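Written below as structure tokens is the structure these notes are about.
The values are calculated or read from the model by the stated rules, or taken from the named source; none is laboratory data. Keep in mind the model is a prediction, meaning the values are calculated, not measured. With ideal geometry, Cβ positions are generated from the backbone for all residues, glycine too; neighbour counts draw on all protein chains shown. When the accessible area is computed, the model is the full protein with side chains, heavy atoms only, and any ligands, DNA or RNA have been set aside. Shrake-Rupley method; radii C 1.70, N 1.55, O 1.52, S 1.80 Å.
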Amino acid sequence: MAGARNGGGPAGEGFSAARRLIDCAEAVRAAPALSRDDLAALLARHGEHPADLTPEAFGAADAAELRAAAHRMAAVLAETDEDRAAEAINALLDECGTRPRLIRHDGHPWHLHVDRGAGAHWGDWFLASGALALAQLLTEHGRVVWGACAATGCGRLFLGAGPGSVRRYCSTTCSTRARVAAHRRRRRAESAG
């Protein structure tokens, strides 16, 4: 995990630590025993350098640490209350022994970056970079702009940092399904009452 750890996110998006956080946390929620190779591939899609993702640099124990950290971050990502989210983020920032710094690389603009210091682990890096990304979003938007989908049976994590009202659903599909279900419940209640 060298100085230029972060690269571009999924094609066309540029680097986004928040997007990487959501994708990793959701992948681990969906598959708690996600393999080292699958985690490495996910990190590579978010621009991590291939040299940092070899089995020697990112081994089974590192993958286990990253899975545990992603699981912890999923709990923070499911928090909808601003104050509790801020407290959880501050607790993670206090716990992590890394320091943020500005970095510019691979054609990306300046952005805050967390390096893994000597002796730090992948899990520590993930917690620190994820907490920093959420702190930036909370301060920029003044509210929680992430969450777990409110649609019955879904619960996927999402990042809703765009303009407009607070998002409750991971997609328009889930939002529409929830609206239709609520409409049908009201109609049944009206018919029965």
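Enumerate the pairs (first residue in the stretch 82-95 and within 18 Å of Phe126 (Cβ to Cβ); second residue anywhere and open to solvent by less than 100 Å² (accessible area, probe 1.4 Å) and in a helix (DSSP H, G or I)) with beta-carbon separation below 6 Å, excluding pairs fewer than 6 apart on the same chain, so at least 6 apart or on different chains.
Correct list of pairs: Ala88/Val76; Ile89/Ala131; Ile89/Leu134; Ile89/Ala135; Leu92/Leu127; Leu92/Ala131; Leu93/Ala131.
Of everything in the stretch 156-166 that's touching a residue at least 40 places away in the same chain (Cβ under 8 Å) and in a loop (DSSP other than H, G, I, E, B), which residue is least open to solvent (accessible area, probe 1.4 Å)?
Per the stated criteria, the residue is Ala161.
Select from the stretch 60-73 the residues that are small (Gly, Ala, Ser) and open to solvent by 10 Å² or more (accessible area, probe 1.4 Å) and list them in ascending order. Steps first, please.
Step one: filter the stretch 60-73 for residues small (Gly, Ala, Ser), giving 60-61, 63-64, 68-70.
Passing the criteria: Ala60, Ala61, Ala64, Ala68.
Answer yes or no as to whether Thr139 is among the hydroxyl-bearing types (Ser, Thr, Tyr), open to solvent by 20 Å² or more (accessible area, probe 1.4 Å) and either at pLDDT 90 or above or within 13 Å of Arg20 (Cβ to Cβ) (or both).
Numbers: among the hydroxyl-bearing types (Ser, Thr, Tyr): yes; open to solvent by 20 Å² or more (accessible area, probe 1.4 Å): yes; either at pLDDT 90 or above or within 13 Å of Arg20 (Cβ to Cβ) (or both): yes.
Answer is yes for this residue.
Take Ala88 and tell me if it is surrounded by 18 or more Cβ atoms within 10 Å (Cβ to Cβ) and over 30 Å from His141 (Cβ atoms). Lay out the reasoning, then the answer.
Details: surrounded by 18 or more Cβ atoms within 10 Å (Cβ to Cβ): yes; over 30 Å from His141 (Cβ atoms): no.
Taking the combined requirement at face value, the residue does not satisfy it.
Among the residues of the stretch 156-183, count how many are farther than 24 Å from Ala70 by Cα and either among the polar types (S, T, N, Q) or touching a Gly at 6+ places or on another chain (Cβ under 6 Å) (or both).
Total meeting the criteria: 5.
From the set of residues in the stretch 28-37 that are open to solvent by 50 Å² or more (accessible area, probe 1.4 Å) and among the hydrophobic types (A, V, I, L, M, F, W, C), which is farthest from the chain's Cα centre (by Cα)? Show your work before the answer.
Step one: of the stretch 28-37, the residues open to solvent by 50 Å² or more (accessible area, probe 1.4 Å) are 29-30, 32-33, 37.
Among the residues that remain, those that are also among the hydrophobic types (A, V, I, L, M, F, W, C) are: 30, 33.
Numbers: Ala30: 13, Ala33: 18 Å.
For the stretch 28-37, the residue satisfying everything is Ala33.
Might you check whether a residue that is open to solvent by 20 Å² or more (accessible area, probe 1.4 Å) and in contact with a His (Cβ under 8 Å, 6 or more places away or on another chain) occurs anywhere in the stretch 38-57?
No - not one qualifying residue is present in the stretch 38-57.
Kindly indicate whether any position in the stretch 66-80 is basic (Lys, Arg) and within 12 Å of the chain's Cα centre (by Cα). Walk me through how you get there before you give the answer.
Residues of the stretch 66-80 basic (Lys, Arg): 67, 72.
Keeping just the survivors that are within 12 Å of the chain's Cα centre (by Cα) gives 72.
Yes, there is a match, as at least one residue in the stretch 66-80 is basic (Lys, Arg) and within 12 Å of the chain's Cα centre (by Cα).
Identify, from the list Ala148, Ala161, the residue that is closer than 16 Å to Val76 by Cβ and touching a His at 6+ places or on another chain (Cβ under 9 Å). Write out each step before concluding.
Working: Ala148 fails: touching a His at 6+ places or on another chain (Cβ under 9 Å).
Answer to the check: Ala161.
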